[in-house]
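Heads up, the thing below is written out as C-alpha cells.
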Amino acid sequence: MNVDKLKDKLLKGTFFYYRDSLYVKGDIYNVVSYDDGELEIFFKGGIVGVYKDKLKTIRRPGNIIEKFDWCYILKDEYDECIGYIGKIEEIA
C-alpha cells in the first residue's frame with residue numbers, strides 16, 4: 001500500500017496499547033511520513049513512531065475484545081509490540 005493511502009487509512013483509526021494494568025486509547029489526528037520509511041502517528045494523548053515495515057495486519061488485538069474493520073499491530077526495532085491501530089466495526 002502506498003504511503004498516502006496508508007496515512008488516509010490510519011487517520012480513520014484509533015491507537016490502542018494494553019499492558020498489565022495500563023490501557024491507552026486515542027483517536028489518531030495526524031500522520032507524518034519520512035523518506036526513511038518512518039511514520040510518526042499522533043493520537044489524542046501521545047505520539048508513536050514506527051517504521052512502515054513494522055506495521056502488520058492482524059484480525060484484532062488478542063487482549064482487546066472488539067470487532068475491527070481492520071487492524072495493525074505496531075512493533076519496534078526489537079519486534080516488541082508497541083501498540084495497535086484499528087477501526088472498530090460500527091454496529092448498525
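Matching residues to (1) in contact (Cβ under 8 Å) with a residue 60 or more places away in the chain; (2) assigned to a loop (DSSP other than H, G, I, E, B):
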site	(1), (2)
GLU40	no, no
VAL48	no, no
ASP53	no, no
LYS56	no, no
LEU74	no, no
ASP79	no, yes
GLY86	yes, no
GLU90	no, yes
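State whether one or more residues within the range 64-83 are aliphatic (A, V, I, L, M) and closer than 16 Å to LYS5 by Cα. So far as the range 64-83 goes, no, none of its residues is aliphatic (A, V, I, L, M) and closer than 16 Å to LYS5 by Cα.
Residues in the range 1-28 that are touching a residue at least 60 places away in the same chain (Cβ under 8 Å), aliphatic (A, V, I, L, M) and in a strand (DSSP E or B): there are none. State whether one or more residues within the range 15-30 are charged (D, E, K, R), under 11 Å from the mean Cα position of the chain (by Cα) and within 18 Å of ASP69 (Cβ to Cβ). There is at least one residue in the range 15-30 that is charged (D, E, K, R), under 11 Å from the mean Cα position of the chain (by Cα) and within 18 Å of ASP69 (Cβ to Cβ).
Quick check on VAL31: is it out of contact with any helix residue (DSSP H, G or I) (no Cβ under 7 Å at 6 or more places or on another chain), assigned to a strand (DSSP E or B) and crowded, with 16+ Cβ neighbours inside 10 Å? No; evaluated as a whole, the condition is false for this residue. Of the residues that sit in the range 61-72 and are touching a residue at least 24 places away in the same chain (Cβ under 8 Å) and assigned to a loop (DSSP other than H, G, I, E, B), which one is surrounded by the fewest Cβ atoms within 10 Å (Cβ to Cβ)? For the range 61-72, the residue satisfying everything is ASN63.
For ILE47, are the conditions met, namely being surrounded by 15 or more Cβ atoms within 10 Å (Cβ to Cβ) and modelled with pLDDT of 95 or more? The answer is no for ILE47.
Are any of the residues in the range 48-59 of a type in the set (Phe, Trp, Tyr) and closer than 23 Å to GLU89 by Cα? Within the range 48-59 (the criterion being of a type in the set (Phe, Trp, Tyr) and closer than 23 Å to GLU89 by Cα), the answer is no, since none of the residues qualifies.
The values are calculated or read from the model by the stated rules, or taken from the named source; none is laboratory data. Computed from a predicted model, the values in this text were never measured in an experiment. Note that we place each Cβ from the backbone using ideal geometry, even for glycine, and neighbour counts take in every protein chain shown.
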